[in-house]
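Rule-based calculations on the coordinates, nothing more; no lab input. Treat the numbers as computed from the prediction; the structure is a model and nothing was measured. Note: ideal-geometry Cβ built from the backbone for every residue, glycine included; neighbour counts use all protein chains shown.
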């Protein structure tokens, strides 16, 4: 798919698979028909700097975008227009955005080392910023399937789990990676958390105890940029900076 004039930082499929969103260093977001490989409408413009993260709401009606311009924006996917004014509060760039399972809350992770929560209907910030990390949060925030927990990964090589009802950390940071934590993802049943790192490994964790599950998944020749479980939780897919992708069997 061609159309962006600069590097593509983030892509995300809509829940029904009929749209693909891409965020780019050209400051725009594009929507695509993935079946036809065609652009849908005009590019979404409004950010003043790199678009680092895009994410569809669970019902597909909204698209959230995080940018180096320090803002989060919410778009109506049918009209392809902004829903409201940009959500502001982060200092440096917003590297990661993620909707809660109900779509009522949006989480954002930033270079300012914090996670923020937003009411997607009003655009109002919920609670105080979560400030337990000591380094930037990459493209690595993810809600548990029941929405009660949020995981965040940071350049400080740790993962934190947060209670989304009290806005507080749950237990101690998860430690073990020797490099930046670039991606986190809960399994569909919420019993596992996967993390990908610049140390070229994937680690699995029990979010209830904060303990590592098994040995690290190794064999990559590049940073693990993204991890994602299949819908039934039996497979874990990753994408590496060297362009490779690996599928892991979670049943063995």
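Residue by residue through region 203-235, note down the ones that are surrounded by 13 or more Cβ atoms within 10 Å (Cβ to Cβ), more than 16 Å from the chain's Cα centre (by Cα) and part of a strand (DSSP E or B).
Hits for region 203-235 are 203, 204, 205, 206, 212, 217, 235.
Suppose we keep only residues that are under 15 Å from the mean Cα position of the chain (by Cα) and part of a loop (DSSP other than H, G, I, E, B) within region 44-67. Which one would you say is surrounded by the most Cβ atoms within 10 Å (Cβ to Cβ)?
57
Being crowded, with 18+ Cβ neighbours inside 10 Å and farther than 13 Å from residue 67 by Cβ is the filter here; which residues of region 87-102 pass it?
Matches in region 87-102: 98, 99, 100.
For region 161-191, name all the residues that are part of a loop (DSSP other than H, G, I, E, B) and either within 17 Å of the chain's Cα centre (by Cα) or within 23 Å of residue 127 (Cα to Cα) (or both).
Narrowing region 161-191 to residues part of a loop (DSSP other than H, G, I, E, B): 164-167, 170-173, 175-180, 187-191.
Residues satisfying the conditions are 164, 165, 166, 167, 170, 171, 172, 173, 180, 187, 188, 190.
Restricting to region 12-43, count the residues that are within 16 Å of residue 68 (Cα to Cα) and part of a strand (DSSP E or B). So that I can check it myself, show each step before the final result.
Within region 12-43, the first condition is being within 16 Å of residue 68 (Cα to Cα), and the residues that meet it are 22-29.
Now drop any that are not part of a strand (DSSP E or B), which leaves 22-24, 28-29.
Matching residues across region 12-43 total 5.
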